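Asker: Below is the structure I would like to discuss, written out as structure tokens.
No lab work stands behind these numbers, since they all come straight from the coordinates. All of these numbers come straight from a predicted model, not from anything done at the bench. Note that we place each Cβ from the backbone using ideal geometry, even for glycine, and neighbour counts take in every protein chain shown.
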Amino acid sequence: MPRAIDVWMQHPTQRFLTDSIFDSLHRWNRMDVSVLQKPDHPVYSPQMSLSSMDAGAVDLGLACAWYGPEGTMISNEDVKKLCEAAPGRFLGVASGDIRDPVRCVAGIKHYVQKHGFVAVRILPWLWERYADDRLFYPIYAACVELDVPLCLQVGHTGPLRPSDFGRPIPHLERVLLDFPQLTVVGGHIGAPWVEEMIFLAGKFPNLYIDTSAYVLSRYPKALVEYMRGRGAKRVMYGSNYPMVQHHAISQQLELLNLQPEQMQLFLRGNAERVFKLQKPRL
């Protein structure tokens, strides 16, 4: 079985993991939030992220920054330090404060051009703005200029924010129409609008889907059928660590019943191609 590349994970900071928007996720995971208030909790150590990756046969994680209206949750600099702490195991995914587009874009360009970050991530639900909001458009243009993918969440929202901001049609569709050169990776599958995501992936060759936030037993049937057929080159592995542990995914891989070539594409081949991971990095 090929070892995986995780295209959606976070190495958490304390300010990220203790934010009240995640109370619903901690409740689902039966996590006592009070223990996360301790700054020396093992989850904040890079070694814990690496241990999860090793247990789930993950070679490389694309670790993302998080910026929201209440402030920075995981900074680009936090991600840079993680990548430096474990060379070859992590690559950075940049983000920024969309309310200051000039500074946001400048920061993204700095971390992509100077520190080898391989993508940009925004979360429409976190900002409570749709994907086609005008404040996101400078970021999309920067992604095209830098030739890096844009990653965003599609589908319903587990954290305590409205889910409608993740609906693919019409908002993501408008973005794809306005930016035909923009490579987009829609994370978290897109449920309950999976059929919309599959339709859009057929309409736009620059749209991909990642499976983060789901163990395989919860993948929608329509997505699995898509992966076994015409979508073999359009779906890639994501975890949403630390919310989902890597071993919880790896132990269910046989449920997909994929052919060896399809499994290789899902676990790493599509990520290598879309994120240009086989090119020399800075």
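Asker: Would you mind putting 269-278, 30-39 in packing order, based on average other-beta-carbon counts within 10 Å, highest first?
Answerer: Packing order, densest peptide first, comes out as 269-278, 30-39.
Asker: Can I ask one more? Quick one: grab the alpha carbon gyration tensor of segment 4-274, order the square roots of its eigenvalues as a ≥ b ≥ c, and give me rounded if a/c is under 1.5, else prolate or oblate depending on whether a/b is larger than b/c.
Answerer: Rounded, since a/c falls under 1.5.
Asker: With only Lys, Arg, Asp and Glu charged, each at its Cβ (+1 for the first two, -1 for the last two), find how big the charge dipole of segment 4-274 is about the Cα centre; round to the nearest 20 debye.
Answerer: 180 debye
Asker: Which of GLY229, GLY56, GLY202 moves most in a GNM of the chain, Cα contacts under 10 Å?
Answerer: GLY229
Asker: Mean Kyte-Doolittle of at least -1.0 and a Cα length of 18 Å or more along the axis: which whole DSSP H helices of the chain meet both?
Answerer: Answer set is 101-115.
Asker: Next question, about the same structure. Add +1 for every Lys or Arg and -1 for every Asp or Glu among the other residues with Cβ under 9 Å from the Cβ of LEU135, and state the total.
Answerer: Charge balance near LEU135 sits at +2.
Asker: Determine the alpha carbon to alpha carbon distance for each of LYS81/LYS276; LYS38/LYS114; LYS114/LYS221; LYS38/LYS81; LYS81/LYS203; LYS80/LYS276 and list only those over 30 Å.
Answerer: Check vs 30 Å cut-off fails for LYS38/LYS114; LYS114/LYS221; LYS81/LYS203.
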